[in-house]
Amino acid sequence: MDVRRAACSCGRLVAEARGEPVRVSVCHCLNCQRRSGSAFAVQARYPDAAVTIAGERREFVLAGDSGALARFHFCPHCGATVYYRADALPGVVMIPVGAFADPAFPAPTVSVYGERKHGWLRLDDRIDALD
């Protein structure tokens, strides 16, 4: 079984994910834009049992557009988010794809919050819009 390693910028907080992600998605919500510092965020979902976390972390809790809470876990040394959990999705860990630093990581198959997508952005036609 493949193991992928995600880490913060300084390498002190690490998430190891076993197997393939359940879903890889692009999110255009404003919270993801702010969190990622980009026009969108890409994240991979894994079952809790497939992910091992090591290292010191801090938690930041944020209410999304729906009002549901997301719990972002970041390195207190470099500030990079390595994983998060959504109260609405128990048993699931989301890991920002960029934390894997792997250009061969599986492509996203789903796009959400398209109404917040930047007008200049064009996604591959094979990515399903779920809004």
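When the distances between all Cα atoms of the chain are binned every 10 Å from zero, what whole-number percent does each bin get?
Spelled out per bin, shortest first, that is 12, 46, 35, 7.
Would you mind computing the Rg to Rh ratio of the range 43-82 from its alpha-carbon coordinates, Kirkwood style for Rh?
That ratio is 1.00, to two decimals.
Hey, got the dipole for the range 49-131? About the Cα centre, +1 on K and R Cβ, -1 on D and E Cβ, debye to the nearest 20?
Using Cβ point charges on Lys, Arg, Asp and Glu, the range 49-131 gives about 200 debye.
Counting helices only, and only those DSSP H runs with n ≥ 4, report the 222 nm mean residue ellipticity of the chain as the sum of -39,500 (n - 2.57) divided by its residues, in deg cm²/dmol to the nearest 500.
It lands at -1500 deg cm²/dmol.
³J(HN,Hα) across the range 17-27 via Karplus (A = 6.51, B = -1.76, C = 1.60, θ = phi - 60°), whole Hz, x for Gly/Pro?
Couplings: 10, 9, x, 7, x, 5, 7, 10, 9, 9, 10 Hz.
Measuring from centroid to centroid over Cα atoms, what is the spacing of the range 17-42 and the range 86-131 in Å?
5 Å
Values quoted throughout were computed directly from the atomic coordinates according to the rules given, and no laboratory measurement underlies them. Only a predicted model underlies this, so the values are computations on that prediction, with no experimental measurement involved. No Cβ is skipped: glycine too gets one built from the backbone with ideal geometry, and neighbour counts run over all protein chains shown.
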